[in-house]
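Working notes for the structure below.
Please treat every number below as a calculation from the coordinates, not as lab data. Just so we're clear, the structure is a prediction, and the values are computed from it rather than from any experiment. Quick reminder, even Gly has a Cβ in these numbers, built from the backbone with ideal geometry, and neighbours come from all protein chains shown.
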Ligand SMILES: Nc1ncnc2c1ncn2[C@@H]1O[C@H](COP(=O)(O)OP(=O)(O)OP(=O)(O)O)[C@@H](O)[C@H]1O
């Protein structure tokens, strides 16, 4: 396995006014790795993904570095980070509601070479991955279910050839069966070469698919380890998995 992380942060701090919402010494996601970030409401999960992309709600003070393939992208505006291959699928899923599935996919076409370690999926490839989207190809974005919109959000990102994909709470609003379908598809994408940071409140679902899990509490890393280590960690088991330890 390549030892240099695809995505890395060092000394990342985000403060809203005097309130330090995030304080992380280091996070690293390696090639073909699926890293989950879990934590309760307000733990700093959205603040983390937004700061990776250079976004924010409000005007927080952000310090520290974000590196993509070793390149410091901290000073780049969001659209430049996207161009470099760091793609975020936000909670809102970023689907055009007045366009059909087909048009949504066509609108993200990019014919430029994708760059090293990146693969742009064709429309046929994303339809093969999500047969449901093929069945719904003539439906408007507004007519799709939450799960279908989630699939379309991922499909649109794949069309752009992500170097690293950030997923913000993909399970929100989805029925349990669909949560598994979406997360298992993410797992299979990682197995075929993608690098993913998955932010989830649904620890049960996340722990089934991730390689490593990071538990955030009040903006800090409370625990970190492989999925199996974390499944046995009393802090995870007690707080999230319903175990009595
Ligand atoms: N624009 C803002 N202004 C001030 N404080 C903020 C702002 N955005 C977030 N915060 C605070 O930063 C902390 C982390 O919030 P964040 O939204 O990242 O948490 P989260 O883990 O994503 O929560 P949830 O699961 O509820 O979405 C919280 O205490 C929150 O109140």
Ranked by how many other beta carbons lie within 10 Å on average, peptides 124-132, 150-158, 44-52, 221-229 from highest: 150-158, 44-52, 124-132, 221-229
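Mean residue ellipticity at 222 nm from the helices of the chain, using -39,500 (n - 2.57) per DSSP H segment of n ≥ 4 over the full residue count, to the nearest 500 deg cm²/dmol?
Helix contribution divided over all residues of the chain: -9000 deg cm²/dmol.
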Candidates 24, 216, 88, ranked by Gaussian network fluctuation over the chain, Cα under 10 Å, top entry: 24
Rounded tilt (10° steps) of 176-191 against the dominant C-alpha axis of the chain: 90 degrees
Calculated FRET value between residue 80 and residue 238, using beta carbons and R₀ = 30 Å, to 0.05: 0.10
Beta bridges by DSSP in the chain, antiparallel share as percent, to the nearest 5: 60 percent
Dimensionless Rg ratio for the chain, taking C-alpha atoms and the 2.2 N^0.38 Å reference: 0.98
Kirkwood Rh (inverse of mean 1/r, distinct Cα pairs), segment 180-224, angstrom: 11.4 Å
Calculated on alpha-carbon atoms, Rg and Dmax of segment 146-210 in Å: 10.9, 30
Peptide ranges 196-202, 169-175, 186-192 listed from the most packed, as the mean C-beta count within 10 angstrom indicates: 196-202, 169-175, 186-192
Degrees between helix 146-159 axis and first principal axis of the chain (Cα, 0 to 90, nearest 10): 80 degrees
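Go through 203-214, 11-22 and give me the packing order, highest mean Cβ count within 10 Å leading.
Packing proxy ranking, top to bottom: 203-214, 11-22.
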Scattering profile of segment 74-179 at q = 0.11 Å⁻¹ [log10 I(q)/I(0), Debye over alpha-carbon scatterers]: -0.33
Cα point-scatterer Debye curve for segment 1-98, base-10 log of I(q)/I(0) at q = 0.12, 0.15, 0.17, 0.18 Å⁻¹: -0.40, -0.63, -0.80, -0.90
